[in-house]
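Here's the structure we're looking at; comments come further down.
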Amino acid sequence: MPEAVLRKKDLVREEILARLLDGTYKFGDPISVKAFSEETGISRQPIMTALSTLSSEGFVTVVAQVGCEVASPSTDEINDFYLMFERLEGLMAELAAKRRTEEQVRKLKSINMQISMIDNNDSDATESYRLLNREFHALIHEMANSPLLVERQGNIFTMSDFFIVQTVGFIPHLKSAAEEHQEMISAIATKDSSAARQAAERHICEVARYVRSG
């Protein structure tokens, strides 16, 4: 595939993903290749390639000769997803407790302090929390020092953000998330790998509970 097409495919993927993560596209919404092409001026081929990639990642469903729509997972599928997420994030925290540096712990505390100071009523509260929360967990993944797991968990984290946006949103869990993060920090700081794993699993379990409530 020509390099120019690949670059456009990546741009299209990022744009569609951004629309999924800001709620522009909802569960089950059709995504028109023709409309997207007319809106952006990008030809059909890179759009179709991007949608194929997003389909393989679970964000959209492509049906030959029919079209494309945003994924609409069942309750059981969402439950299974969060069980996987919970177990893997627990493992990441467990490894982080064993391998972290003091500087990383200090950064983790600083990020969570910023999260705790977000005002729910601010117009940018949702985006501020989403980005800081991603930064918080990305740092734990970095502490784990396991590149293969980090890559996989990063993709899983994006899917979780997608589910959150499509259901309850980030704000309801904002304040309790900072408290749950603190439990993770305390365990990681004392190198208590078992407690770190349990705290991370509880945290993701709470995220799943909020998603189900939405």
request  = Among what's in segment 142-197 and is among the basic types (Lys, Arg) and closer than 21 Å to Tyr210 by Cα, pick the residue that is surrounded by the fewest Cβ atoms within 10 Å (Cβ to Cβ).
outcome  = Lys175
remark   = Asn145 passes all but one of the listed conditions (1) on the phi > 0 side of the Ramachandran plot; (2) under 15 Å from the mean Cα position of the chain (by Cα); the exception is number (2)
request  = Mind listing whichever residues of segment 58-105 are small (Gly, Ala, Ser) and under 21 Å from Ser213 (Cα atoms)?
outcome  = Ala71, Ser72, Ser74
ask   = Are any residues in segment 90-102 free of Cβ contacts under 8 Å to residues at least 60 places away in the same chain and either assigned to a helix (DSSP H, G or I) or on the phi > 0 side of the Ramachandran plot (or both), and if so, which ones?
value = Arg99, Glu102
ask   = Within segment 34-47, which residues are among the hydrophobic types (A, V, I, L, M, F, W, C), crowded, with 16+ Cβ neighbours inside 10 Å and not in a loop (DSSP other than H, G, I, E, B)?
value = Phe36, Ile47
query = Could you list, in sequence order, the residues of segment 178-207 that are of a type in the set (Asp, Glu) and touching a His at 6+ places or on another chain (Cβ under 9 Å)?
reply = Glu180, Glu183, Glu206
task = Determine if segment 78-89 includes at least one residue that is part of a helix (DSSP H, G or I) and touching a His at 6+ places or on another chain (Cβ under 9 Å).
result = yes
ask   = Residues of segment 60-88 being free of Cβ contacts under 8 Å to residues at least 24 places away in the same chain and of a type in the set (Gly, Ala, Ser), which ones?
value = Ala64, Ser74
task = Please find, among Ala187, Ala208, the residue that is under 16 Å from Phe157 (Cα atoms) and modelled with pLDDT of 95 or more.
result = Ala208
task = Give me the pairs, please: first residue somewhere in segment 116-129 and closer than 19 Å to Leu21 by Cβ, second residue anywhere and polar (S, T, N, Q) and surrounded by 13 or more Cβ atoms within 10 Å (Cβ to Cβ), beta-carbon distance under 7 Å, and either six or more positions apart or on two chains.
result = Ile118/Ser128
task = For Glu69, indicate whether it is open to solvent by 70 Å² or more (accessible area, probe 1.4 Å) and outside any helix (DSSP H, G or I).
result = yes
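On the given criteria, is His203 at pLDDT 95 or above and within 18 Å of the chain's Cα centre (by Cα)?
yes
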key: Qualifying residue in segment 2-22 (condition: modelled with pLDDT under 95, assigned to a loop (DSSP other than H, G, I, E, B), open to solvent by 60 Å² or more (accessible area, probe 1.4 Å) and under 30 Å from Phe136 (Cα atoms))   = yes
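The values are calculated or read from the model by the stated rules, or taken from the named source; none is laboratory data. Fair warning: this is a prediction, and the values are worked out from it, not measured in the lab. Neighbour counts run over all protein chains shown; Cβ positions are idealised from the backbone, glycine included. Remember, those area values only see protein heavy atoms, side chains included, never the ligands or the DNA or RNA. Shrake-Rupley method; radii C 1.70, N 1.55, O 1.52, S 1.80 Å.
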